[in-house]
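The values are calculated or read from the model by the stated rules, or taken from the named source; none is laboratory data. Worth saying up front: this structure is predicted, and the values here are computed from it rather than measured. So basically every Cβ, Gly included, is an ideal-geometry build from the backbone, and we count neighbours across all protein chains shown. Please note that ligands, DNA and RNA were not included when accessible areas were found on the heavy atoms of the full protein model with its side chains. Shrake-Rupley method; radii C 1.70, N 1.55, O 1.52, S 1.80 Å.
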Amino acid sequence: MEKLLNDFSIGLFLWQTIIFVALIFLLRKFAWKPILKAVNDREENIANALNSAEEAKKEMENLKSSNEKLLIEAREERDAMLKEAREIKAQIIDEAKGQAKVEADKMVAAAKEVIKNEKKAALNELKNQVASLSIDIAEKVVKQKLSTDDKQKELVNGLVEEVSLN
Amino acid sequence: MVLKKLSLFVLLIVANLSFASEPTNAHSEEHHGEEKSWSEKTQEEKKSYIDQVKEHHLKDSYNFEITHGVGFSLPVIIWDGELKIFSSSKVMHGHSHAGYTVDHHGNLVSTEGKTKAKMTNLFSGEEDLFFDFSITKNVFVVLVMSLFLVLLFGAMAKKYRKSQNPSGSAKFLEPIVVYIRDEIARPNIGEHKYKRYMSFLLTVFFFVWFLNLAGMTPLGIGVTNNIAVTFSLALVVFLITTFTANKNYWSHIFWMPGVPMPMRIMLAPIELLGMFVKPFSLMIRLYANMTAGHVVVMSLIGLIFLFQNWFAAGAFSSLTLVLSILELLVAALQAYIFTMLAALYFGAAVEEHH
């Protein structure tokens, strides 16, 4: 301890203190302040850049999700439209079928009517034909039967018998 | 025989490690060595010569001598009632000028019976004191290093004007600056108050680190192994701590909250002592670590000259190399510890009540 105190140089201590304190102030003005400021500024810049990048990323995600939503909506709309179209198609077909049936029924009915009328006409004609034919035949038969007097008598007798029987 | 020698040298290392111990008998025997050649000297004389070299290496001097005879003079500044400034070459090597000379120990002495002012006699009222404010080798190194730091970091600051990205020296230095800010200042002092201590912390870190490194060069310019330098650094820490301290700090010293009354009275002197012990420990730690490193390295080199054989030369050279690498780490570590503890003390001084 005695040696340490004895070796302690007052001059060196004073110079060292003066130089060191001056060095602190010099370095503070010319080095530390600008350096720390530059480093701080850069760190802030980096932090800001990172933040904005993060925000951009979030925005992108939002956009992406909204895009997806739009896509899903569009798909749903398309499906709905397709379904509707299918329904309309079925409806149209059904309607067409119904109409066609009605038309066909009408036609069938008309045809039936025509057939009925034709049939009636044909029958009437047939009846007339048969009548005239019968008259012809009857004429012929009568003509034959009444060709002789005997036969005429016989017929009259026959008819008389029939009447008397009634 | 070899074993006996070896144990002797191990003892020598141990003796040298306890650097604060009494000086050896080197002084009584010096200058004898110059008359004999190295091989003619006895083992004792060799040892004392090596001790002398070590002491000389650790000591401040009045001229800047890189090796024997190669160097330049520095100004001697003396106050003994009047200011005397002259070149150290006028008082070196036995010359005397204006009543002063440098003796063979390397100390500036008066030829007119005046006593150099020292810590031991400064306040003793002794008359005929002279004050030595010379630009010694250590002052010169501190000046040059300060100039270097201003130029280096001034240039680094300029690099940021062009671009925010570090370039050149800033690339290497910026991580250290940021490390001191983020790992030393911020956690120890606190997010809101660290800024005003940054200038000191950065300056002291680079100052101590670079001076420690400069001390490792073979130029013999170890400044941080001088107690006056570390005392000055510790004093600045003490002053900053004391003058920026808040109410909470003082209340923890004089009236410790949260303990019973008798404990408060007992703790006050202890805490008061602690105020001074903390920076004192900074001073001793840096001084002791750097001095010890130098002494051990020089002792190992000295052993080569004591053994004077190839085996010793190889063994102790490689041991010195390993130790030098360790000292390189210690140079940074001690700067870090000094800065770290200073930040810790500042943090305690401005800690808010919680």
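What the table shows:
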| quantity | calculated |
| --- | --- |
| Positions within the range B:242-300 being touching a Lys or Arg at 6+ places or on another chain (Cβ under 6 Å) and part of a helix (DSSP H, G or I), in sequence order | B:Met298 |
| Odd one out for A:Glu2, checked against (1) within 12 Å of chain B (Cβ to nearest Cβ); (2) surrounded by 10 or more Cβ atoms within 10 Å (Cβ to Cβ) | (2) |
| Hits in the range B:166-225 (condition: open to solvent by less than 10 Å² (accessible area, probe 1.4 Å) and of a type in the set (Lys, Arg)) | B:Arg181 |
| Tally of residues being open to solvent by 30 Å² or more (accessible area, probe 1.4 Å) and β-branched (Val, Ile, Thr) across the range A:18-69 | 3 |
| Any hit, the range B:35-55, residues being open to solvent by less than 60 Å² (accessible area, probe 1.4 Å) and in contact with a His (Cβ under 7 Å, 6 or more places away or on another chain) | yes |
| In the range B:171-180, the residues that are closer than 12 Å to A:Val39 by Cβ and more than 8 Å from every other protein chain (Cβ to nearest Cβ) | B:Leu173, B:Pro175, B:Ile176, B:Tyr179, B:Ile180 |
| Lone qualifier among B:Phe346, B:Phe316, B:Phe311 - being in a helix (DSSP H, G or I), in contact (Cβ under 8 Å) with a residue 60 or more places away in the chain and more than 22 Å from the chain's Cα centre (by Cα) | B:Phe346 |
| Failed item, numbered, when B:Ala157 is tested on (1) more than 17 Å from A:Pro34 (Cα to Cα); (2) more than 28 Å from the chain's Cα centre (by Cα) | (1) |
